[in-house]
Structure formats: structure tokens, C-alpha cells
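**Q** Quick one: this structure, given as C-alpha cells, is what I'll be asking you about.
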């Protein structure tokens with residue numbers, strides 16, 4: 001199977017379905033998330049083939065000894081043609097990996113695509129390991145993260161210093177007024193040490209990272225065209241996740257989670273405000289790269305600014321993803337992901 005055909009298989013519902021990247025398509029025979037989830041660890045760190053779409057998503061804000069900021073992304077996506085697994089090439093579980101490093105001057109990105117059932121990609125829950133080709137994430141509480149592309153590589157260690165965070169209502173994250181939802185938890189308390197390999201050589205870095213775990217079969221409504229997602233780590237130890245889902249009628253659906261320094265999480269529905277302040281010409285598109293983000297219930301009123309406005313992920317389904325600075329009522333740094341900008 002050639003690469004282009006496999007890409008189309010990885011997104012089997014894109015052409016005919018609704019919502020960004022077809023994520024508003026009907027769930028069909030796949031399982032659907034339900035309220036009041038009961039998570040089971042370490043099993044739920046692994047794959048959920050009964051659901052159509054799933055990801056293991058790491059972003060990291062890093063710094064070199066000279067103070068230069070860097071961003072790192074590692075993502076493994078699972079997309080299913082049917083809610084089952086099989087050995088060999090008939091396995092309907094399909095995999096895609098994205099890796100990137102962002103500097104103030106450059107953005108390096110690459111993509112891997114694999115078929116399930118042949119050992120090329122997958123996830124084992126205990127002991128945890130997620131891989132596609134030679135890219136690896138090994139371990140949840142303490143782990144190693146590796147990836148490489150034509151002009152970059154990284155090898156970093158992750159050390160969790162806080163608890164898992166369950167987004168939404170105890171891990172049931174509603175995405176639309178119609179009730180579309182996902183199961184969603186995070187580990188936002190990683191400390192990071194390791195090495196980036198860039199065209200100019202090896203760079204020792206330290207920083208912090210954030211893992212997002214999410215799975216569903218219809219995470220969006222058919223009228224939702226994309227999202228703006230923020231993961232913010234403040235200098236006082238608090239953290240915040242928030243997203244804005246854009247709709248065809250011009251309205252937004254928003255959700256946020258305030259995470260206290262001790263890991264206590266408080267969800268907020270329809271309380272987040274995210275307003276674009278500046279746009280940049282990115283890959284021929286007008287993309288917001290500076291934002292005002294507000295969560296009045298926690299006194300948050302900050303400006304979120306891209307470190308490199310050109311952090312475009314030129315992948316099978318393109319999007320913007322990169323590190324940001326945070327200033328205002330709370331100072332800090334974080335990551336911003338934006339999809340659906342044509």
C-alpha cells in the first residue's frame with residue numbers, strides 16, 4: 001500500500017463526514033464515551049480499539065543553558081476502520097506519528113504512518129510503551145521520549161512530579177452543546193531533561209512537559225470546524241487547560257480546567273474567553289499567533305504569544321502547534337494548538 005493510500009485510510013471519514021477532519025462523523029459501530037467514567041490504570045494508558053480515534057500527545061517547553069527557548073512535540077494517533085484488532089495486514093487499526101522541534105527561528109516537523117497488526121506501531125499498557133518505527137515513549141511516571149526527522153532529533157527523560165489530571169467531569173470531556181464528548185486525562189507535571197539534535201549540533205535542555213490522553217468515536221459536532229487549545233503552566237505552580245471549538249454559526253464552545261499546584265483540578269464550562277489579538281501569514285493562511293485568554297473565576301487575564309509564529313505542522317492534516325509565552329495576571333509558558341485554519 002503506498003503512502004498516499006494509507007493516509008486516506010488513516011482518515012477514512014474525512015471526505016464524506018462533517019466537522020474538522022471528519023471528527024463529527026457518526027460513531028457507527030464504535031463505542032461512545034459515557035458520563036461518570038471509571039478509569040482503570042495502567043490499562044487505560046493503553047489503546048482502546050473499540051473507539052475510532054485516540055492519541056498520546058506530549059508537548060514540552062524547554063530551555064538551553066544560554067536561555068534560548070525551545071518547544072518539543074511527540075504525538076501518536078490511532079485511527080480505526082473498524083472496532084476490532086487482527087494480526088497481520090488485515091488489522092483495521094492504523095497509526096500516525098508527528099514529531100516537531102520549534103526554535104525562535106525555525107520549526108522542524110516530520111510524520112510517520114504505519115499499519116497495525118505487524119508490529120510497526122502500537123501501545124502496550126504495562127509496562128507502558130508507545131511506538132511508531134523507532135520513535136518511542138517508554139514509561140508514564142518516569143519515561144523516555146525519542147524521535148527523529150531528516151534535520152532534527154531528540155532524546156529526553158520525563159519525570160512526573162504530580163498526579164494525573166482528569167479533564168471535564170472526572171475525565172468525561174464534553175465538546176459540544178449536542179453532547180459529543182471524549183475521555184480525556186493529562187499528566188501536566190513532567191520535568192524534562194535531555195538533548196535536542198539540530199543542524200547546529202546537540203543542545204542540552206531542561207524544562208517541563210504535558211501529556212494529553214484522549215479517545216472517542218465522535219469527539220466533535222458536525223458543525224464544528226476546528227479548535228484552539230491552550231496548555232498553560234504558570235510561574236506560581238498552577239496550570240490551566242482550555243479550548244475553544246469554533247462553529248459554523250460563528251459561536252464558540254469552550255471548556256477549561258484550573259489545576260492548582262497540588263494537582264487539585266476544577267472544571268469550568270463556558271467560562272473561558274479566548275480572543276485573537278494578532279494574526280500571522282503562516283503557510284498562506286491567516287493564523288492567530290497572539291491571544292488574550294481569560295478565566296475570570298480564577299483571575300486569569302493573560303496574553304499568550306507564539307515564540308515562533310511559523311510553527312506550522314505541514315502534515316497529512318495540517319495544523320499549527322508551538323510553544324508560547326504567557327504574560328499578564330499570571331506569567332509562565334505553555335503550548336498552543338490550532339486546527340481548521342484554511
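**Q** What's the exposure ranking of 54, 159, going from fewest to most Cβ atoms within 10 Å?
**A** Working: 54 23, 159 15.
The order, fewest Cβ neighbours first, is 159, 54.
**Q** On each of the three principal axes of the Cα atoms of segment 180-250, give max minus min coordinate, whole Å, ordered largest first.
**A** Ordered largest first, segment 180-250 gives principal extents of 47, 32, 24 Å.
**Q** Springs between alpha-carbon atoms under 10 Å, Gaussian network over the chain: tell me which of 86, 167, 305 tops the mean-square fluctuations.
**A** Of the options given, 86 has the highest mean-square fluctuation.
**Q** For n ≥ 4 DSSP H runs only, could you compute -39500 (n - 2.57) per run for the chain, divide by its residues and tell me the 222 nm figure to the nearest 500? Walk me through the intermediate numbers first.
**A** Values: 1 runs with 8 residues, N = 342.
Computed mean residue ellipticity for the chain: -500 deg cm²/dmol.
**Q** Another one. With a 10 Å radius around each residue's Cβ, average the other Cβ atoms per peptide and rank 70-82, 236-248, highest first.
**A** Details: 70-82: 22.5, 236-248: 19.8.
The most tightly packed comes first, giving 70-82, 236-248.
**Q** Please build a GNM for the chain, connecting alpha carbons under 10 Å apart, and tell me which residue among 118, 132, 259 fluctuates the most.
**A** The residue that fluctuates most here is 118.
**Q** Using only alpha carbon pairs under 8 Å that are at least six residues apart, calculate the relative contact order of segment 30-338 and give it in whole percent. It would help to have the intermediate numbers written out before the result.
**A** Working: 845 pairs, mean separation 45.8, N = 309.
Normalised by residue count, the contact order of segment 30-338 is 15 percent.
**Q** Report the Rg/Rh value for segment 65-223, based on alpha-carbon coordinates and the Kirkwood definition of Rh. Write down the numbers at each step before the final one.
**A** Numbers: Rg = 17.2 Å, Rh = 17.3 Å.
Ratio value, two decimals: 0.99.
**Q** Could you please rank 203, 113, placing first whichever residue has the fewest other Cβ atoms within 10 Å of its Cβ? Each step should come with its number before you reach the end.
**A** Working: 203 19, 113 22.
So the residues, fewest neighbours to most, are 203, 113.
**Q** Sorted by mean Cβ packing within 10 Å, highest first, what order do the peptides 333-340, 147-154 take?
**A** On the way: 333-340: 23.2, 147-154: 18.1.
Top to bottom by mean Cβ count within 10 Å: 333-340, 147-154.
**Q** Hey, what's the per residue convex hull volume over the C-alpha atoms of segment 284-342, in cubic angstrom? Numbers along the way, then the final one.
**A** Numbers: hull volume 5.0 nm³, N = 59.
Cα convex hull per residue, to the nearest whole number: 85 Å³.
**Q** Mind checking Rg over Rh on segment 30-338, alpha carbons, Kirkwood formula for Rh? Each step should come with its number before you reach the end.
**A** Details: Rg = 18.4 Å, Rh = 19.6 Å.
Answer for segment 30-338: 0.94.
**Q** Kirkwood hydrodynamic radius, computed over distinct alpha-carbon pairs, for segment 26-95: how many Å, to one decimal?
**A** Details: mean 1/r = 0.0672 Å⁻¹.
So the Kirkwood estimate lands at 14.9 Å.
**Q** Also, I was wondering about something else. Obtain the nm distance between the two label points defined at residue 305 and residue 43 by a simple spin-label model: each point lies 7 Å from its Cα along the Cα-to-C-beta direction.
**A** The two pseudo-label positions are separated by 4.9 nm.
Read-outs: derived from the displayed coordinates by stated rules, not from any lab. Because the structure is a prediction, the values reported are computed rather than measured. In this analysis, Cβ positions are derived from the backbone assuming ideal geometry, glycine residues included, and neighbour counts consider all displayed protein chains.
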